[in-house]
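K.L.:
Below: one structure in structure tokens.
The values are calculated or read from the model by the stated rules, or taken from the named source; none is laboratory data. Please read these numbers as outputs of a predicted model, since none were measured by experiment. Cβ placement follows ideal geometry from the backbone for every residue including glycine, while neighbour counts extend to all protein chains displayed.
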């Protein structure tokens, strides 16, 4: 069976908080409902190595390849919309896309609001500090410090729970820049993202101080009650069984991070 063509639509999503708050279950759907045969995907496009633009300008990354493989398995084309992390769930709720593929960590608070696929990435959290900072060696040392985090990320919650003041940023690159400038003390993120950043950039001005001890699972996020959830789980199960997820993992990380 021939696979459908992949269709890329870069559609920045900018949603005011007030506009989202005005929506209710009785409101009409937002910008367009997914047409038959099209899987609409929200992603950042700035979060290497998961979702970013390569040297050729095309959207690429681990999550991009995983969700594209899922769409192929479902016999659907994939259509991407790019937005910032702090707007990504608002776009899902406004029905601007059907699924988020952006290393979304599964937790109880999110499960109460959204559907999640079976996890396709397992990783751990790490704390990153300036290379010459020897004072931060565990979560106990973070209390009273300033952490650079995406405001609505699970890493922001980890920083807050550890007693840090959170300085809101759009992503890892901006967080590292604030560390380099001495404007913040620490940032928390996924170890896979941090290790990739250090490898690709060769940046020796920052380092991993410690692991948080949290094993985190990432999955595709969907609106509650979506009829796509079960179908996506079936597709992921097939891709796991036939080795596709392992192959994508090994391409990006040199090992299987999908289970």
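K.L.:
Restricting attention to region 103-127, which residues are surrounded by 24 or more Cβ atoms within 10 Å (Cβ to Cβ), assigned to a strand (DSSP E or B) and not assigned by TED's automatic domain parsing to the domain that holds residue 152? Break it down into steps so the answer makes sense when it comes.
P.N.:
The first filter runs over region 103-127 and keeps only residues surrounded by 24 or more Cβ atoms within 10 Å (Cβ to Cβ), leaving 103-104, 117, 120, 127.
If we keep only those that are assigned to a strand (DSSP E or B) as well, we get 103-104, 127.
Correct list: 103, 104.
K.L.:
How many of the residues in region 212-227 are under 19 Å from the mean Cα position of the chain (by Cα) and in a loop (DSSP other than H, G, I, E, B)? Before the answer, list the steps.
P.N.:
Let us first name the residues in region 212-227 that are under 19 Å from the mean Cα position of the chain (by Cα), namely 212, 214-224.
Cutting the leftovers down to in a loop (DSSP other than H, G, I, E, B) gives us 224.
Residues meeting the conditions: 1.
K.L.:
Within region 241-259, how many residues turn out to be assigned to a helix (DSSP H, G or I), in contact (Cβ under 8 Å) with a residue 24 or more places away in the chain and either touching a helix residue (DSSP H, G or I) at 6+ places or on another chain (Cβ under 7 Å) or under 13 Å from residue 122 (Cβ atoms) (or both)? Give the derivation first.
P.N.:
Going through region 241-259, the residues assigned to a helix (DSSP H, G or I) turn out to be 241, 244-253.
Now drop any that are not in contact (Cβ under 8 Å) with a residue 24 or more places away in the chain, which leaves 244-245, 248-249, 251-253.
Next, only the ones that are either touching a helix residue (DSSP H, G or I) at 6+ places or on another chain (Cβ under 7 Å) or under 13 Å from residue 122 (Cβ atoms) (or both) stay: 244-245, 248-249, 252-253.
Residues flagged as assigned to a helix (DSSP H, G or I), in contact (Cβ under 8 Å) with a residue 24 or more places away in the chain and either touching a helix residue (DSSP H, G or I) at 6+ places or on another chain (Cβ under 7 Å) or under 13 Å from residue 122 (Cβ atoms) (or both) within region 241-259 amount to 6.
K.L.:
In addition: Here is a list: 209, 235. Which entry is under 30 Å from residue 93 (Cα atoms), at pLDDT 95 or above, more than 16 Å from the chain's Cα centre (by Cα) and surrounded by 17 or more Cβ atoms within 10 Å (Cβ to Cβ)?
P.N.:
Details: 209 fails: under 30 Å from residue 93 (Cα atoms).
Being under 30 Å from residue 93 (Cα atoms), at pLDDT 95 or above, more than 16 Å from the chain's Cα centre (by Cα) and surrounded by 17 or more Cβ atoms within 10 Å (Cβ to Cβ) holds for just one of 209, 235, which is 235.
K.L.:
Out of region 80-109, which residues are at pLDDT below 95 and over 12 Å from the mean Cα position of the chain (by Cα)?
P.N.:
107, 108, 109 - these are the residues of region 80-109 that are at pLDDT below 95 and over 12 Å from the mean Cα position of the chain (by Cα).
K.L.:
Out of all the residues in region 47-92, which are under 26 Å from residue 112 (Cα atoms) and free of Cβ contacts under 8 Å to residues at least 40 places away in the same chain?
P.N.:
Passing the criteria: only 64.
K.L.:
Would you say residue 37 is assigned by TED's automatic domain parsing to the domain that holds residue 94, modelled with pLDDT under 95 and out of contact with any strand residue (DSSP E or B) (no Cβ under 9 Å at 6 or more places or on another chain)?
P.N.:
Values: assigned by TED's automatic domain parsing to the domain that holds residue 94: yes; modelled with pLDDT under 95: yes; out of contact with any strand residue (DSSP E or B) (no Cβ under 9 Å at 6 or more places or on another chain): no.
Criteria not met by residue 37.
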